[in-house]
Amino acid sequence: MRRHIRSPIIAGLGIVVLAVVVPGGVASGAMADTEGAGHGHGSCYAEKAALADVPQRVSRAWVAHDLTAFGDVFTEDASFIVPGEDTYLKSRDEIRAYMSAIFTGPYKDVLPVANVLNVKCISKDVGIVVTQGGLKLPGEIDVPPERVGRQTWTIVKQGHEWRDSAYQNSRIMH
């Protein structure tokens, strides 16, 4: 059985829109169906909206250039893999250092886009979120096809908070 998560932000026609409104644009987009409601994984199923919000927390931190908030989304031993740069980071501290260069370098004015495609519970404290998106440069309306990727977020519950333990971004070949 498939079930839709409904958000108080905008809901209609069985599609939920998660959005970060920023000056000059929106940092995230529509969320597709989620899988497997009611299969007994406890808190994960009850908190699918919180899992889907993890990529949005990253987008909000990016837009704010907030290294602390960005890093806090990840576990201490998180892995972070991005395409094209041979970037494989292995800790929250490495992720923060990498993003510090991003926030002050050529990507500082870009807008991250993360459309949630799927949320799946693995256990009561582990979920997988799949997003599709990329980076919009100043003046772009959409992410161009050559920069669109799909991202996999392995999210774990630590205490009362969901954090990303492994992030992997792959380009979509057109």
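For every residue, the table says whether it meets (1) under 23 Å from H65 (Cβ atoms); (2) modelled with pLDDT of 95 or more.
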site: Y98; (1), (2): yes, no
site: R150; (1), (2): no, yes
site: W153; (1), (2): yes, yes
site: G159; (1), (2): no, no
site: S165; (1), (2): no, yes
site: Q168; (1), (2): no, yes
site: H174; (1), (2): no, no
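What's the number of the only condition in (1) touching an Asp or Glu at 6+ places or on another chain (Cβ under 9 Å); (2) in a strand (DSSP E or B); (3) open to solvent by less than 70 Å² (accessible area, probe 1.4 Å) that S79 fails to meet? Against the list (1) touching an Asp or Glu at 6+ places or on another chain (Cβ under 9 Å); (2) in a strand (DSSP E or B); (3) open to solvent by less than 70 Å² (accessible area, probe 1.4 Å), S79 comes up short only on (1). Only one of the numbered conditions (1) of a type outside the set (A, V, I, L, M); (2) in contact (Cβ under 8 Å) with a residue 40 or more places away in the chain; (3) assigned to a strand (DSSP E or B) is violated by W62, and that is (3).
Which of the following residues is modelled with pLDDT of 95 or more and more than 21 Å from R150 (Cβ to Cβ): D72, D125? Only one candidate passes the filter, namely D72. Residue-level analysis places K90 among those that are open to solvent by 60 Å² or more (accessible area, probe 1.4 Å), out of contact with any helix residue (DSSP H, G or I) (no Cβ under 8 Å at 6 or more places or on another chain) and among the basic types (K, R). Inclusion of D53 among residues that are modelled with pLDDT of 95 or more, within 17 Å of S165 (Cβ to Cβ) and in a strand (DSSP E or B) is not warranted.
The values are calculated or read from the model by the stated rules, or taken from the named source; none is laboratory data. Predicted, not measured: the structure shown is a model, and the values here were computed from it. Don't worry about glycine lacking a Cβ; one is built from the backbone with ideal geometry, like all the others, and counts go over all protein chains shown. Areas reflect the complete protein model, heavy atoms only, side chains present, ligands, DNA and RNA absent. Shrake-Rupley method; radii C 1.70, N 1.55, O 1.52, S 1.80 Å.
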